[in-house]
Amino acid sequence: MATTIAVLSQKGGTGKTTTVRTLSDVLSRVGLETLAVDLDPQGNLSDYFDVPADAEPTVSDVLAGQAKAVDAIHGGIVPANLGLAESELVLSGKMGREMTMRRALREVKRHYDFVLIDCPPSLGLLTVNAVVAADYALVTTEAQYFSLQGVEQALEVIELAKENLHPDLEWLGVVMNIADMRLVHSREALSQLRERFGEKVFDSVIRASIRYAESAERGLSIIDYRPVLGADYLALADELLGRLGLEAERERLGELRAELVPA
Ligand SMILES: Nc1ncnc2c1ncn2[C@@H]1O[C@H](COP(=O)(O)OP(=O)(O)OP(=O)(O)O)[C@@H](O)[C@H]1O
Ligand SMILES: [Mg+2]
């Protein structure tokens, strides 16, 4: 059964989509069958995966019960488009609305090692569906003054889901993303997070770089486009596998790291 991780944040632009995209890439490279799921009507993740705009069925059809998840996989991703905004409205009037994604993914999870779900920048019904479908919730945050507040809000949703819908849900941790550690306020944001959440804050920090926008534009993974920066995500993946107790996979990742980023 796949380990399922939902990547969430209340705020926009904290690097959720880039995290899902790059971790999918890294995990696939170490031989782990990885499925990405786009639960954001913006469809950014689907663009990254080069899914044609008219691809069908999409995650909307899956949530509406009109398609099976397995039939909505297009090249490693269950894509989303703007139609998902409407599906969210329809879903909100239904019984068991928070459990829909969980049910839809049950069958498909057998065929993968990992399922990574990208959430929209809000803590509404789609994000709740993602965390309820997941084993773990991973929170991303920018290195800003208000990052602590944003993480607290995401945690509240995780706690509520745990209490009311999915007792086995675990908070995997929080990743400081798009961080410029030369700036005092970024360093302060990180130390505040560490003070408040301790070990839950990943040691790996994803550095800010214009290369991410460039790599997205070129349709390349940062791992290929700028391996030196991609190293941040390799380190994050290593920590993540460590937290999940996947030591053999971690070893394979070690080999990949040595290949991509020679010491
Ligand atoms: N480490 C980074 N450094 C600089 N820019 C980055 C970095 N990671 C991602 N970006 C860029 O920042 C923007 C936001 O990233 P991304 O789309 O991953 O965030 P998001 O949290 O998914 O946003 P949204 O909330 O809108 O879905 C994108 O243009 C992306 O290319
Ligand atoms: Mg996004």
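General remarks:
- Pick from region 105-158, criterion crowded, with 24+ Cβ neighbours inside 10 Å and small (Gly, Ala, Ser), ranking: nearest to ligand 1 (Cβ to nearest atom): ALA143
- GLY96 modelled with pLDDT under 95, within 16 Å of ligand 2 (Cβ to nearest atom) and either in contact with a His (Cβ under 8 Å, 6 or more places away or on another chain) or among the small types (Gly, Ala, Ser) (or both): no
- When LEU241 is tested against (1) surrounded by 18 or more Cβ atoms within 10 Å (Cβ to Cβ); (2) touching a residue at least 40 places away in the same chain (Cβ under 8 Å); (3) not small (Gly, Ala, Ser), exactly one condition is not met: (2).
- Residues of region 143-169 that are touching a helix residue (DSSP H, G or I) at 6+ places or on another chain (Cβ under 8 Å) and modelled with pLDDT under 95: ALA143, GLN144, TYR145, SER147, LEU148.
- Test: residue in region 27-34 that is in contact with a helix residue (DSSP H, G or I) (Cβ under 6 Å, 6 or more places away or on another chain), under 26 Å from ILE178 (Cα atoms) and within 16 Å of ligand 1 (Cβ to nearest atom): no
- Listed by first and then second residue, the pairs with beta-carbon distance under 7 Å, at least 6 apart or on different chains, first residue in region 60-86 and without any contact (Cβ under 8 Å) to a residue 40 or more places away in the chain and farther than 17 Å from ARG106 by Cα, second assigned to a loop (DSSP other than H, G, I, E, B) and not β-branched (Val, Ile, Thr), are HIS74/ALA55; GLY75/PHE49.
- You will find that of ALA36, ALA80, the residue that is within 15 Å of ligand 2 (Cβ to nearest atom), under 18 Å from LEU220 (Cα atoms) and buried (at least 23 other Cβ atoms within 10 Å of the Cβ) is ALA36 and no other.
Here is a yes/no grid of residues against (1) polar (S, T, N, Q); (2) within 20 Å of the chain's Cα centre (by Cα); (3) within 19 Å of ALA2 (Cα to Cα); (4) not in a helix (DSSP H, G or I):
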residue: PHE197; (1), (2), (3), (4): no, yes, no, no
residue: VAL228; (1), (2), (3), (4): no, no, no, no
residue: ALA231; (1), (2), (3), (4): no, yes, no, no
residue: GLU239; (1), (2), (3), (4): no, yes, yes, no
residue: GLY242; (1), (2), (3), (4): no, yes, yes, no
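- From the list THR19, THR14, the one residue that fits, being in contact (Cβ under 8 Å) with a residue 24 or more places away in the chain, of a type in the set (Val, Ile, Thr) and surrounded by fewer than 24 Cβ atoms within 10 Å (Cβ to Cβ), is THR19.
- Only listed residue being within 21 Å of SER147 (Cα to Cα), at pLDDT 95 or above, among the polar types (S, T, N, Q) and within 14 Å of ligand 1 (Cβ to nearest atom), chosen from SER204, SER215, SER221: SER204
- First in region 102-124 and closer than 23 Å to GLN10 by Cα, second anywhere and basic (Lys, Arg) and more than 16 Å from ligand 2 (Cβ to nearest atom), Cβ under 7 Å, 6 or more apart: VAL115/LYS109
Per-residue answers, yes or no, for (1) part of a strand (DSSP E or B); (2) over 21 Å from the mean Cα position of the chain (by Cα):
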{"position": "THR17", "(1), (2)": "no, no"}
{"position": "VAL20", "(1), (2)": "no, no"}
{"position": "SER24", "(1), (2)": "no, no"}
{"position": "LEU32", "(1), (2)": "no, no"}
{"position": "ALA36", "(1), (2)": "yes, no"}
{"position": "SER46", "(1), (2)": "no, no"}
{"position": "ALA53", "(1), (2)": "no, yes"}
{"position": "ALA67", "(1), (2)": "no, yes"}
{"position": "MET95", "(1), (2)": "no, yes"}
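The values are calculated or read from the model by the stated rules, or taken from the named source; none is laboratory data. Source: prediction; values computed, not measured. Glycine also receives a Cβ, built like all others from the backbone with ideal geometry; neighbour counts cover every protein chain displayed.
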